[in-house]
Amino acid sequence: MEKLEALHLNNKIDARVRKNSIWKSIFFLSTLFGLVVLAVLIIRVLFQGMSWIDIDFIVGRLSTTAENAGIMGAILGTLWVMVVVIPVTLIIGVGTAIFLELYSKKGRFQSIIETNISNLAGVPSIVYGLLGLTVFVRLADLGNVVLAGGLTLALLVLPILIVSAQEALRAVPGHLSEASYGMGATKWQTIRRIILPAAIPSILTGAILALSRAIGETAPLTVLGIPALLIPFPEGLFDTFTALPMQIYYWTIDSSLVAEYANLAAATIIILLIILFLLNSVAIFIRNKYQHRY
Amino acid sequence: MATNSNLNSGTNVSELIAKNKEKKSLNNYFEKSIPGILFLLASITVLTTIGILYTLVSQAVQFFMEVPILDFFTGTELNPLSQNPEFGILPLLNGTIISSLIAILVAGPIGLMSAIYLSEYATDKVRKVLKPLLEILAGIPTIVYGFFAFTFVTPLIRYLWPGVEATNILSPGIVMGVMIIPMIASLSEDAMNSVPNGMREGSLAMGTTKLETTIKVVIPAAFSGIMASFVLGISRAIGETMIVTIASGSSKNFTFDIRESMQTMTAFIVEVSGGEAPAGSTLHYSLYAVALTLFVFTLIMNLLAKYVSRKFREEY
Amino acid sequence: MSTLTENKININVNDTVQTNESQEQIESKSSVIYNTQNLDLWYTKTHALKNINLEIRENEVTAIIGPSGCGKSTYIKTLNRMVELVPGVSTTGAISYKGKNILDKSIKVEDLRTQVGMVFQKPNPFPKSIYENVAYGPKVHGIKKKAILDEIVEKSLRGAAIWDEVKDRLNQNAYGLSGGQQQRICIARCLAIEPDVLLMDEPTSALDPISTLKIEELIKELKKNYTIIIVTHNMQQAARISDRTVFMLNGEVVEFSETNQLFSNPKDQRTEDYITGRFG
Ligand SMILES: Nc1ncnc2c1ncn2[C@@H]1O[C@H](COP(=O)(O)OP(=O)(O)OP(=O)(O)O)[C@@H](O)[C@H]1O
Ligand SMILES: [Mg+2]
């Protein structure tokens, strides 16, 4: 007994254990740090913007007088952009994923495309803005319209969707497609009737995440020259538009001139965050509802 | 065939199927064209890369015909709008590097410590609550962070440290750090999670505390994964645009004073493309030279991260 | 165009070259549906099937037994060319199905697989309703009319002896069923396109004894209308349900004869060792 106690003292076990628990608290507080900032950010935005949100603000048109300003134009612009981004990313993204997972031979070409996709995912969004400016706005001569903005953002989030669609397809167990082939189904029939339906919940989850990334993006839009001034509501793919992030951007930088603009920016942020929150809730709902059972 | 004889029904399925097969020739053409269609869709990503490279390089070349490449990379003066415009990228590089360093100084330690907590200390229950919350942080649009930096963090810093200017590099640097915490935390946590449990147990069995095991066993084993997460974090910060554009202003100072306004490469691109740089002007082309530099920077960082983490995977 | 049925040549036992001594004793009224000649198969490097020569007769149950890894699954999957889903597989020799060499490039595997159904070791219904599972084959092959599909579904489920158990919940997900029921749904799914042959790769090895018994009874029943080739690890099962039995070892056919004979009076020492449990 005495010996053990001596050992105890020698190793300073008490001190070491105490040190361990002190650091455990530090690690825990570090984890909380990010969350505290998140809480401060949200509370701050709510305080600044909540009282500015009413029906007039949501359905109203843009105005330079803070009291009359509304963001319907920006909401419509964001929705129109979604109209472009959703089909374009889904078709290209799922098509690419099917090609990579189910058609291409595992070889050189496939690894080139996959490396390329992972590198594209790391390209700063503003560079996509320059691509869009050069190719869609100028070369294709679309101008800074919904279609140009939507295509630019679609290319930007495409890698996210491809990677998640690939994972979704890979997760469909082989015995399902075997059963289908065994019935004399062709490859495409098997993909369309068995593999895709089984993968679609995960693909949609990935698509929604990609979409929420797209509608929060600002930098590429600034490069495309998307305005945030009084412009008519967009009514089609070839109309000029503004989007919620652009609105936030201009109101934020001009808040040093007109103080109320900061509140408008905050109110618009609330709307944007609500849209993102709803989108993500849908994603979580889909994920939970269609959890794989095979 | 004997197949149908015993089934008490009028429909002969195999005959129906055989008949349908004859009709299916149109479908056959469709089926045959599918791999081709999918191949075309898959090559769009390659076209994107080619498009980016072509856009940047072709116009940057135009720029370097007017401004010598050496002047560009060694110039400390950036006055694109003056009578005698000067195009030195160093002020922008300086702004980019300083803001990214501030960001990683914030996100590195906090992200790593979060990862340690989540991977080594947290119970499953706690982890299941904390991780999705951290993911929210990663899902906030950067424009919101920009707003936060400009209207909240900067005033706060100026209150605590009166010498700080209204637009400065410190505030966006810190906020970018917060933004990349989740990324570093989750990548480092992945790296630490893939350290085999046997290594931990071997150490714990010798009577070491969790802290000692973490520092002496887990972190060294996960080191390259952690490094990769840092490098990716820096890469994100280098490419981040809105936070610095909003909160750090547009003065092209070549300074190391973090209380002052500086411009990053990304913010410069926003400023110049948003203003009316006439197409064909040197100013316009400078946009692409800067963007190319930015692109190469982030590409190198991303490849470095991949290289480092691949080395790490080979260890087990 | 279903080329396979068109050029049906019923190979008579007496006409074919006898490749295996034991086969000389086999006399049968039914004709040969599958004739495998000098079949060799390689997975990239592994030589999985070595010079296989086998004649499988119509409307019989042929059981394939042998120790793990001897090539049973490989062989049965060659019979509907599912083995090709594994990259790097190569074959030599011939398998004639109703007189046509199915290893020939000109054969459309979809046609072959329409006539040769397969039931797998693990029940693998689609994550769809029971009805949709059974209607899958007919739909894939262009049958769209609801009335016809209804008829096919009922007929097939009855054929698989599961109609009474599921008739009130055809629209429920097949995953809600027990393993044995799922396996019978998979059999019904095959029956729906009225194949001539059913390939079964250890169809009961994932099931409990009662479900196994039900499937065995079903197989005996199906034998009247189908040619069945079944891989099994269970020698009692082979003895119970099959007419003929193949014993394979290391990718070769060691012995092929009438089931009774193979189990009561094996010709080859290795067969005897295996069925008496001395190895495998
Ligand atoms: N996909 C594959 N790739 C490479 N080799 C394979 C593959 N599948 C099987 N083999 C090899 O081919 C040989 C025969 O395998 P097979 O699956 O046909 O055996 P089996 O008799 O069905 O065994 P079991 O009773 O375990 O199911 C084995 O040596 C196996 O390792
Ligand atoms: Mg097998």
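The values are calculated or read from the model by the stated rules, or taken from the named source; none is laboratory data. Bear in mind that the values here come from a model prediction, so they are computed numbers and not experimental data. Note that we place each Cβ from the backbone using ideal geometry, even for glycine, and neighbour counts take in every protein chain shown.
Which residues, counting only those in segment C:186-241, are away from ligand 1 (no atom under 16 Å from the Cβ) and in contact with a His (Cβ under 8 Å, 6 or more places away or on another chain)? C:Ile193, the sole residue that qualifies. When segment C:133-165 is limited to residues that are buried (at least 23 other Cβ atoms within 10 Å of the Cβ) and not in a helix (DSSP H, G or I), the one that is farthest from the other protein chains (Cβ to nearest Cβ) turns out to be C:Ile162.
Can you work out which of the residues in segment B:64-93 that are surrounded by 21 or more Cβ atoms within 10 Å (Cβ to Cβ) and within 24 Å of the chain's Cα centre (by Cα) is farthest from B:Gly146 (Cα to Cα)? Once the filter is applied, the top-ranked residue is B:Ile89.
Would you confirm whether any residue within segment B:123-135 is outside any helix (DSSP H, G or I) and either surrounded by fewer than 17 Cβ atoms within 10 Å (Cβ to Cβ) or not assigned by TED's automatic domain parsing to the domain that holds B:Ile97 (or both)? For segment B:123-135, residues outside any helix (DSSP H, G or I) and either surrounded by fewer than 17 Cβ atoms within 10 Å (Cβ to Cβ) or not assigned by TED's automatic domain parsing to the domain that holds B:Ile97 (or both): present. Beta carbons closer than 6 Å, at least 6 apart along the sequence or on distinct chains, pair a first residue in segment C:57-69 that is farther than 15 Å from C:Leu222 by Cβ with a second that is assigned to a loop (DSSP other than H, G, I, E, B) and within 13 Å of ligand 1 (Cβ to nearest atom) for C:Pro67/C:Gly280. Please verify whether segment A:53-65 includes one or more residues that are touching a residue at least 24 places away in the same chain (Cβ under 8 Å) and under 21 Å from B:Gly139 (Cα atoms). Checked against the condition, which is being touching a residue at least 24 places away in the same chain (Cβ under 8 Å) and under 21 Å from B:Gly139 (Cα atoms), segment A:53-65 yields no hits at all.
Within the option set B:Ser99, B:Ser14, being of a type outside the set (A, V, I, L, M, F, W, C) and either within 14 Å of chain C (Cβ to nearest Cβ) or over 21 Å from A:Ile126 (Cα atoms) (or both) holds for one residue only, B:Ser14. I'd like the residue in segment C:92-108 that is surrounded by fewer than 17 Cβ atoms within 10 Å (Cβ to Cβ) and modelled with pLDDT of 90 or more and, out of all such residues, is nearest to C:Glu58 (Cα to Cα). Filtering segment C:92-108 for residues that are surrounded by fewer than 17 Cβ atoms within 10 Å (Cβ to Cβ) and modelled with pLDDT of 90 or more, the one nearest to C:Glu58 (Cα to Cα) comes out as C:Asn101. Going through (1) free of Cβ contacts under 8 Å to residues at least 60 places away in the same chain; (2) surrounded by 18 or more Cβ atoms within 10 Å (Cβ to Cβ); (3) not small (Gly, Ala, Ser) one by one, B:Glu260 falls short only on (1).
Within segment B:156-177, does at least one residue satisfy the condition of being surrounded by 24 or more Cβ atoms within 10 Å (Cβ to Cβ) and under 22 Å from A:Ile271 (Cβ atoms)? Yes; the residues of segment B:156-177 include at least one that is surrounded by 24 or more Cβ atoms within 10 Å (Cβ to Cβ) and under 22 Å from A:Ile271 (Cβ atoms).
Of the residues that sit in segment C:63-102 and are in a helix (DSSP H, G or I) and away from ligand 2 (no atom under 13 Å from the Cβ), which one is farthest from the other protein chains (Cβ to nearest Cβ)?
Quick first cut of segment C:63-102, residues in a helix (DSSP H, G or I) only: C:72-78, C:82-85.
Restricting the remaining residues to those that are away from ligand 2 (no atom under 13 Å from the Cβ) gives C:84-85.
Numbers: C:Glu84: 9, C:Leu85: 7 Å.
Of everything passing the filter in segment C:63-102, C:Glu84 is farthest from the other protein chains (Cβ to nearest Cβ).
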